Amino acid sequence: MLPSGRLTTVAVLLALCACGGNPAPQTAPQPDPRVGLKAGLTTAGEAVSNLKVVAKAVSPPGFLGITNSDLAFTGNYAIQGNYNGPVIWDITNPASPVLVTAYTCPASQNDVSVFRNLLFMSAEATNGRIDCKPGGVPDTVSQDRMRGVRIFDISDIRNPRLIRNVQTCPGSQPTRSSRTGTTRELYSTSPALPLSVPKNCPVQPPTPKNPILHVAKKL
């Protein structure tokens, strides 16, 4: 996950490592160039080592100034997790990313991963709603709250479609997947289970668990 804070740009980075063989260990530069970097929304100081920044894409209105999370990639697209929802960029030309769409769906951390035509997005905090609307849920326990994994159909990547909410109740942080026969197992890491959860949740206190979702080729 990207460090927390107000990260507002996606930098497309190109590693400058030689192919093949084992490169010699690099010695960390001294003094550390990260020390003393200035803050800023879009003008923060930078320190880059063994990489080359080829482009920067500023988050669109409504997402600018909101914390970014994970990145996922499919084809020529980069999907940027953001606490206000996923932001999709066309990186066919890495030097010039083009905004495809920004889908409003507030929650944290909104970490993203992709399997074929499906986009998975984690919802952990109590402000997530099953309908993706802003404003959160005022009640302590509510069927309108979303804490788990959202599944989007991105067959038409310009128009993501929310097709399912999978409640894990303690919520979800980054997801990782592995193939098992004709299905894909999605491993969702969870924060500590809250004391009050809806009775229909698959996980109940006091035992926190990391749910495993079995995803068929087609939902």
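Of the residues making up region 94-123, those that are of a type outside the set (Gly, Ala, Ser) and either in contact with a helix residue (DSSP H, G or I) (Cβ under 6 Å, 6 or more places away or on another chain) or more than 18 Å from Phe63 (Cβ to Cβ) (or both) are Pro94, Val114, Phe115, Arg116, Asn117, Leu118, Phe120.
Tell me whether region 143-156 contains one or more residues that are small (Gly, Ala, Ser), crowded, with 21+ Cβ neighbours inside 10 Å, more than 13 Å from Gly81 (Cα to Cα) and under 14 Å from the mean Cα position of the chain (by Cα). Before the answer, list the steps.
Narrowing region 143-156 to residues small (Gly, Ala, Ser): 148, 155.
From what is left, the residues that are crowded, with 21+ Cβ neighbours inside 10 Å are 148.
Then drop every residue that is not more than 13 Å from Gly81 (Cα to Cα), which leaves 148.
If we keep only those that are under 14 Å from the mean Cα position of the chain (by Cα) as well, we get 148.
There is at least one residue in region 143-156 that is small (Gly, Ala, Ser), crowded, with 21+ Cβ neighbours inside 10 Å, more than 13 Å from Gly81 (Cα to Cα) and under 14 Å from the mean Cα position of the chain (by Cα).
From the list Thr104, Thr92, Thr126, the one residue that fits, being modelled with pLDDT under 95, among the β-branched types (Val, Ile, Thr) and assigned to a loop (DSSP other than H, G, I, E, B), is Thr126.
Of the residues making up region 63-76, none is within 19 Å of Arg158 (Cα to Cα), of a type in the set (Gly, Ala, Ser), out of contact with any Leu (no Cβ under 9 Å at 6 or more places or on another chain) and in a strand (DSSP E or B).
Within region 81-128, if we keep just the residues that are of a type in the set (Asp, Glu) and under 16 Å from Pro160 (Cβ atoms), the residue that is nearest to the chain's Cα centre (by Cα) turns out to be Asp111. Every listed requirement among (1) part of a strand (DSSP E or B); (2) at pLDDT below 90 is met by Pro138 save one, (1). Restricting attention to region 46-62, the residues that are within 17 Å of the chain's Cα centre (by Cα), closer than 17 Å to Pro97 by Cβ and not in a strand (DSSP E or B) total 2.
The values are calculated or read from the model by the stated rules, or taken from the named source; none is laboratory data. Note that the structure is predicted; figures quoted are calculated from it, not measured. Ideal geometry is used to build each Cβ from the backbone, glycine not excepted, and the neighbour counts take in all protein chains shown.
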